[in-house]
Number of protein chains: 2
Amino acid sequence: MSHATQEIAPAGGRFERAGIDKFEARRAELADATLATLGELGLARTSLREIAQKTDFSHGVLHYYFRDKVELITFGVRRYKEHCVTRYDAIVAESPDAATLSGRFAHALVATLLDDTAMHRLWYDLRTQAMFDDALLPTVVDLDRQLEEMVWRVVSRHAELADTRVALSRAGAYAVFDGLFEGALQRHLAGDTTATGRLRDDAVVLLTRLMVAPTS
Amino acid sequence: MSHATQEIAPAGGRFERAGIDKFEARRAELADATLATLGELGLARTSLREIAQKTDFSHGVLHYYFRDKVELITFGVRRYKEHCVTRYDAIVAESPDAATLSGRFAHALVATLLDDTAMHRLWYDLRTQAMFDDALLPTVVDLDRQLEEMVWRVVSRHAELADTRVALSRAGAYAVFDGLFEGALQRHLAGDTTATGRLRDDAVVLLTRLMVAPTS
DNA sequence: GGGATTCCTTGACAGTTGTCAAGATCGGCA
DNA sequence: TGCCGATCTTGACAACTGTCAAGGAATCCC
């Protein structure tokens, strides 16, 4: 029984000893090449042959490790986003007051925009395509929810530190910061060198402005 | 001399009398079919043959009226967005106070989300693809600027009516409302029936919260 | 009516895509 | 060593794409 069969029909048990590790390692390797290509070219222009060209293998191997293109892409994106959704947790945990939190948060936003530009671009591409392709929807909805939680941890902690409450819904709080970030990313990619500076300033202002006196 | 040659090399003068109107009318007709198809399938899945299938003509006619796919798409999107970028101007002009303005604005946001769902989805698709494809960038940057102006007219008028100033940058103000709208659109398309209600509430809150006491 | 021009269709082209089957190659175990 | 399964390559497939040339059909003007 081949690994491929096991993975594609995961109902089967795992009889292998060390082979699983090797199999999963190869999957991860191919998924990383997938992410690199997707971030560079976008979902529409990325072909399996182009992904394989970024590895030491030929294009056929992708169908040995993944059922089809959708599984390859979703596996890769899920793998990456796992590292993202806790990105600000240290800041949330360690900031002593509201002003420090907002400043560090804004700084981290700018930092990841500059460091992981291609990956963020890929994420927005994927999320937009999910509006047309239901096959991508489960992955996107799931990750979006995690990102919403991540932002909410920042926003609600800020409210806590400032002894206020948040004026927007959970989804709304995520949406406004996401919009701020997406806008800055787009301008940055279009050559606007002032985009990241504005992002930092606007993020601080916005976080402060979303706080409102507690009702109780 | 054919129309096509004239249009493709617009340096030439216009020798025709009534032909121009007919030519432009046909272009508009084909552009509308293009928009309908793009809104339904998305940029990646829309082929010229599929667009033509939505008209009474065959696929070859598209290359008679448009140089290539990019010109067809950008022409269509520009044509549509011209009707959008003044969408809230009547509200801005006629609202007597800040509360009325914010309420009507939020209502209009929800209304266009529901009425023009496919077109907004298409716009976000196009804007995202422009992050990967420079051929789309000029059109997207241009329209984005117009949308930014449109939102700014609402926000700055609201500040004026409330005798306050806006706490965010122009780009930031646009970005947060755009994020709110895009998030609601995505959730609406994913089947979340509460998305539009939250959009309305969040928009009112956000518009109010962006106002800050004047410095002078 | 007839010729010229505009408009539109047809069919083909070269290239690309996801998918998969057949077989080569590698690695470990007997 | 020789076998066998896991791994990988190769080549092909059918479908699809944007583009365009050749020609039919419609229309207009004299």
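FYI, it's all coordinate maths here, none of it is from the lab. Just so it is clear, the model here is predicted, and its values are computed rather than measured. Glycine also receives a Cβ, built like all others from the backbone with ideal geometry; neighbour counts cover every protein chain displayed.
Some observations on this one:
- Residue-averaged 222 nm ellipticity for chain B, from DSSP H runs of 4+ at -39500 (n - 2.57), nearest 500: -22500 deg cm²/dmol
- Exercise: per-residue mean of other protein chain Cβ atoms within 10 Å, B:82-90: 0
- Take each residue of peptide B:140-148, count the partner chain Cβ atoms within 10 Å of its Cβ, and average: the result is 1.
- Mean Cα-pair separation over length for the range A:109-179, i.e. relative contact order, pairs under 8 Å, 6 or more apart, %: 21
- Treating r as the C-beta distance of A:D97 and B:T112 and R0 as 45 Å, the FRET efficiency rounds to 0.65.
- Take every pair of alpha-carbon atoms less than 8 Å apart whose residues are at least six positions apart; their mean separation over the length of the range A:89-212 yields a relative contact order of 36 percent.
- Sorted shortest first, the separations between the A:T117 label point and its copies elsewhere in the assembly read 3.6 nm; each point sits 7 Å from Cα along the Cα-to-Cβ line.
- Under the shape rule built on the C-alpha gyration tensor, where the axes satisfy a ≥ b ≥ c, the range A:89-212 is oblate, since a/c reaches at least 1.5 while a/b does not exceed b/c.
- In the range A:129-216, the chymotrypsin sites (Phe, Trp or Tyr not before Pro) that fall in loop regions by DSSP, at most 16 other Cβ within 10 Å: none
- Take B:Q53, push a point 7 Å out from Cα through the beta-carbon direction, and compare it with the same point in every other copy: 3.0 nm, smallest first.
- Short-range pairs are left out: with C-alpha atoms under 8 Å and at least six residues apart, the relative contact order of the range A:141-216 is 37 percent.
- The convex hull defined by the C-alpha atoms of the protein assembly as shown has an orientation-averaged projected area of 27.3 nm².
- Among the residues of B:122-134, the average count of other protein chain beta-carbon atoms within 10 Å of the residue beta-carbon is 6.
- Chain B holds its axis-closest Cβ, relative to the rotation onto A, at the residue and whole-Å distance B:G179, 1.
- The angle separating the long axis of helix B:98-115 from the principal Cα axis of greatest extent in chain B is about 30 degrees.
- Subset of A:K54/B:K69; B:K22/B:K81; A:K81/B:K81; A:K81/B:K69 violating a 27 Å alpha-carbon distance limit: A:K54/B:K69; A:K81/B:K81; A:K81/B:K69
- Each other residue within a Cβ distance under 10 Å of A:Y80 adds +1 if Lys or Arg and -1 if Asp or Glu, for a net charge of 0.
- The charge dipole of the range A:69-140, taken about its Cα centre with unit charges on the Cβ of Lys, Arg, Asp and Glu (plus for the first two, minus for the last two), comes to roughly 120 debye.
- Taken about its Cα centre, chain B carries a charge dipole of about 100 debye when Lys and Arg each add +1 at the Cβ and Asp and Glu each add -1 at the Cβ.
- Here's the picture: charge each Lys and Arg Cβ at +1 and each Asp and Glu Cβ at -1 in the protein assembly as shown, and of B:T74, A:A99, A:L180 the one pushed furthest to the positive end of that dipole is B:T74.
- Under a model in which nothing but the beta-carbon of Lys, Arg (+1) and Asp, Glu (-1) is charged, the range A:89-212 shows a dipole of about 340 debye around its Cα centre.
- Starting from the label point of A:D21 at 7 Å along Cα→Cβ, the same points in the other copies fall at 7.9 nm, in ascending order.
- Leading residue at positive end of dipole, the protein assembly as shown (Cβ point charges), from B:T112, B:A25, B:S47: B:S47
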